[in-house]
Structures are given as structure tokens and as C-alpha cells.
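Following: one structure in C-alpha cells, then a few remarks.
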Amino acid sequence: MDITLLGTGLLGSAIGERLLQRGHRLTVWNRTPERMAPLVAAGAQAADSPEEAASASPWLITVLSDGDATRHVLIEGIGSALNGRRVLQTGTIGPGESLELARLVEDWGGSYLETPVLGSRPEALSGRLQVMAAGSENLFAQARPLLEDLCGQPRWLGAVGAAMVAKLALNQLIASLTHAFSLSLRLVQAAGVEEESFLEILRESALYAPTFDKKLARMRSDDYSQPNFPTAHLRKDLNLFLQTAETFGLETLALEGLGRLLTRGSEAGIDGLDYSALHRLTGPDTPQEAGSGRDRRGAPPQRSCTPPPTSQAVPPP
Ligand SMILES: NC(=O)c1ccc[n+]([C@@H]2O[C@H](COP(=O)([O-])OP(=O)(O)OC[C@H]3O[C@@H](n4cnc5c(N)ncnc54)[C@H](OP(=O)(O)O)[C@@H]3O)[C@@H](O)[C@H]2O)c1
């Protein structure tokens, strides 16, 4: 198939590589042209503008940072050249943003399927992403052969918005599970409890999630380089989850705290690092909220009467 890929960042470049491996003819455009180079070397055609890229293929895949960037590229950048094109919108954006984009694309005579994915670069490169699709069932049927090259079994979830809701629900779990594990690990370490024993108990329990071991080495070594999914995008997705949950009247009080914690990511310099770097935010030296005059728990500053943690094991109660 002739496919145009708009956005060759971490995920987009891996999707592009997979599509080339599967024998598709690929045209690519990226705001920073240097980031297209590996795909061009692998056989993709580079375009100078989104409009030129769109004109090359009936299928357009967008893998851009957020809703604003996607709207900017599709609507301001391509506009009338959307006529007759089929857009597969793969970046993670809000369901409301996606609905608005669908309307704008259709106004220009194009058609729109949202296709967010679960999984990252390794899964994209090996065709093991989980693709969630929403929009016209007919368009989903047409896109199916292409989507099957990215994943085993694409799933159609309903009208536009439904796949983005599912994607945000999954990414809330990424944030919450990573944070929960980080905090428990910190406590065990700070109190001098035997870490391996704690992990063995966890692994044998119903509380265990494979993501814990997947991120353990990074947390232990404090090495969050070469990210597949950076902290800035996790923060974006958590905020999108909070906004969306609010529209359904859900109680998000506990999650708002995690949202506030992740806002310290920029100051802590972890935005571009693997999202498990949120482990740096749960330690005793986490940056404080600027100008709050309060401690990290939201309480007024006060002298503690409990001794600082020691490396001694906590005696049993
Ligand atoms: N990485 C993953 O594992 C993963 C998994 C599932 C979903 N996603 C979602 O997929 C999307 C892309 O993620 P990524 O990890 O590939 O991000 P990334 O590496 O940060 O790439 C972002 C892409 O968006 C482009 N971009 C940003 N702002 C733009 C603007 N104003 N105008 C034009 N282009 C703009 C960037 O262009 P430049 O190169 O010029 O900056 C780049 O191509 C995000 O929505 C993310 O949440 C990512």
C-alpha cells in the first residue's frame, strides 16, 4: 500500500520501519527533517511539507505528540489535500480532541479513524502493538490489512472517542502501577528491609504486575536513558485521563496527587527520560512544589519528632 507517515519520533519511526519491512511504499514528513534520515535510508521517500506528504498516498498515519500538534499538521498543514484521504490517527490525544479532528478532516472531504496503540518501539518493530480503532466500521475494514501489519489483531471499539478512552484508561494504569511500585520499593529500601525477600513475596502474590520487573533494573541503577516512552508523554496522558474522567463525574482525588507529582518532572529534568524516572520523584530529595511554602505532603512545614530513617531493619511491631 502507499502510506504517508506524519511524525517520525520514537513511536512513528518504529512504525515506519515496520511498514517498510512489510513491503509498503512509505512517504514520510517530520517537523525536524533530520529525524527522517533512518527511514529514508531504509527506503522511505521524504517530503518537504505535510501537504506534499499527504498528496503522495491515500493513507495518512499521524504519530505526533499531542492534539494541538496533530491538528496543526492535519488541518493547517494539509487542509484541502485531505480530500479523499484516509487518516489513521495514532498519537494519544483526548477523546474530545479526536472527535473535533474527525469533524475537521471530514469537512475537508477526508475520512478519519482513531487508532491509538498500546506498546512501544520494540512492539512496533516486531508487529506486536495492540491497536485500538474507533470510527467508521467500514473504514476499519479497509484499514485492517494495514493495521494487521502493526499488530496481531486490531480491535474496533466503536465511535470516534472510544479508542482514545480505552488508551487513556490503559495509560492511567501505566502511571499508577509504576508509581505504586516505586513508592513501595523506596519504603522497603529506606527502612532497610531485605529487598530481594520483598520482591519474592510480591512476585508470588496477586499484586504482582510484570511491569515491576521490567522497570526494576532502571530504578536500581537510576538509568533512564534511551527511552521508548518519555515521562513528558506519560504526564500528558495522565492529565488527559483526569480531564476525561472529570467529564464523567469520576472521583479522581488520589490520581490528582500523582498528576501534581509528575508536574515536577520538568524541574527534575526527567521529561525526556524513560517514564520510570518518576522513581526519582518519590525519593526524599524530590523537588518541592514551587512557592507552596508547604512540604511534599501538602502539610505546613514542621519539625519532625520521628527519627530519620536508618539503614537498620525496622523491628517487628
Ligand atoms: N513512544 C511510545 O512508546 C508511545 C506509545 C504509544 C503511544 N504513543 C503516543 O504517540 C505519540 C508520539 O509519541 P513519540 O513517543 O513518538 O513522541 P516523540 O518521540 O516525542 O515524537 C513526537 C513527534 O511529534 C512531532 N511534533 C511535536 N510537536 C509538533 C508540532 N507542533 N508540529 C509538528 N510536529 C510536531 C515531533 O516532531 P519533531 O521531531 O520535530 O520534534 C515528533 O515527530 C504521542 O501522542 C505518544 O503519547 C507513544
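The values are calculated or read from the model by the stated rules, or taken from the named source; none is laboratory data. Just so it is clear, the model here is predicted, and its values are computed rather than measured. With ideal geometry, Cβ positions are generated from the backbone for all residues, glycine too; neighbour counts draw on all protein chains shown.
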Is it true that some residue in segment 200-210 is under 20 Å from Leu273 (Cα atoms) and either out of contact with any Pro (no Cβ under 7 Å at 6 or more places or on another chain) or at pLDDT below 95 (or both)? no
Going through segment 76-108 in order, the residues found to be in a helix (DSSP H, G or I), without any contact (Cβ under 8 Å) to a residue 60 or more places away in the chain, away from the ligand (no atom under 12 Å from the Cβ) and within 21 Å of Gly12 (Cα to Cα) are Leu82, Leu101, Ala102, Val105
Kindly check whether there is at least one residue in segment 29-38 that is over 20 Å from the mean Cα position of the chain (by Cα), farther than 17 Å from Asp237 by Cα, within 10 Å of the ligand (Cβ to nearest atom) and part of a strand (DSSP E or B). yes
Can you tell me which residue within segment 1-28, out of those that are more than 19 Å from the chain's Cα centre (by Cα) and among the hydroxyl-bearing types (Ser, Thr, Tyr), is farthest from Ala232 (Cα to Cα)? Thr27
Going through segment 90-126 in order, the residues found to be polar (S, T, N, Q) and more than 19 Å from Leu74 (Cα to Cα) are Ser120, Ser126
When (1) of a type in the set (Gly, Ala, Ser); (2) without any contact (Cβ under 8 Å) to a residue 40 or more places away in the chain; (3) in a loop (DSSP other than H, G, I, E, B); (4) within 13 Å of the ligand (Cβ to nearest atom) are applied to Gly43, the one that fails is (4)
Complete set of residues in segment 225-241 that are touching a residue at least 24 places away in the same chain (Cβ under 8 Å) and either in contact with a Pro (Cβ under 9 Å, 6 or more places away or on another chain) or part of a helix (DSSP H, G or I) (or both): Asn228, Thr231, Ala232, His233, Leu234, Arg235, Lys236, Asp237, Leu238, Leu240, Phe241
Give me the pairs, please: first residue somewhere in segment 114-142 and more than 8 Å from the ligand (Cβ to nearest atom), second residue anywhere and in a helix (DSSP H, G or I) and of a type in the set (S, T, N, Q), beta-carbon distance under 6 Å, and either six or more positions apart or on two chains. Glu114/Ser98
Considering only residues that are away from the ligand (no atom under 14 Å from the Cβ) and either in a loop (DSSP other than H, G, I, E, B) or not assigned by TED's automatic domain parsing to the domain that holds Arg86 (or both), which ones fall in segment 4-28? Arg22, Gly23, His24
